[in-house]
Amino acid sequence: MIDVAIVGAGLSGLAAACALQEHGLRVTVFEARDRVGGRTHVVDGFDYGAGWIHGTEGNPIANLARQLGLTPFFTGGDSSYIGGWEALAIAGLAQGEKDRCLLAGDRALDRAFAMILNAEADVSLAAALDAAVAELGLDARDAEAARWHLT
C-alpha cells in the first residue's frame, strides 16, 4: 500500500518523495526512463540536460546536492562546459562535434514541428520527433541531442 504516487524521478519528484517520506508517508516514484534524474544527465562530459546549478547560495538544488555529498564548483562564469573552457579536451567531444550534434538536434526538431503542423490527426511531439529522427537518419548521439532540446 502506498500513500502517494509520484510521476517522474527528476529532481522535483525525488525531492517531493524525500519530503513526504520524512513526514511518514509511503511513497512510490514512477519513472518512464531507465534512469533517474530527469533533465539532469551528463554522459562523457556532454550535457544532455541540466549540467550546472545557477547560483549556489540559498539555492534549494545546491543545498540538496550538498546533502547528497556533492561539492559544487565554479565553472568559469559564462562557460557552458563542466569545468570551464579548459575541460573541453577531456569532455569526450570536441567543440565542433558538440556543435554538429546540436545542429542535428535543431534539424530534427524543425522537422518534427513541420510534421505536427501538417498532420491530419493529433500527433505527440515525442512521436513526431521519433519519426523525424528516423527520417533524417540520425545516430543515437544526434537523436539524444534532439531530445535534449525539449528539456
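What follows draws every value from the coordinates through simple rules; no lab data is involved. None of the values given here were measured: they were computed from a predicted structure. Using ideal geometry, Cβ is built from the backbone for each residue, glycine included, and neighbour counts are taken over all protein chains shown.
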For ASN59, which sequence-distant residues (separation of 5 or more, or a different chain) have an amide H within less than 5 Å of its own amide H, given hydrogens modelled in the peptide plane?
none
Can you list residues from other chains, or at least 5 along the same chain, whose modelled amide H is less than 5 Å from the amide H of VAL29?
ILE6
Which three extents, in angstrom, do the Cα atoms of region 93-151 have along their principal axes, listed largest first?
41, 21, 14
For VAL43, VAL133, what's the fewest-to-most ordering of other Cβ within 10 Å of each Cβ?
VAL43, VAL133
For VAL36, other-chain or 5+-apart residues with amide H closer than 5 Å (H placed, Pro excluded) are none
So for the pair ALA126, VAL4, with labels modelled 7 Å out along Cα→Cβ, what separation do we get in nm?
2.4
How do the peptides 96-106, 119-129 rank, highest first, by the average count of neighbouring beta carbon atoms within 10 Å per residue?
96-106, 119-129
Neighbour-count ranking [beta-carbon atoms within 10 angstrom, fewest first] of MET115, MET1:
MET1, MET115
The FRET efficiency for HIS54 and ARG33, from their Cβ-Cβ distance with R0 = 25 Å and rounded to 0.05, is 0.60
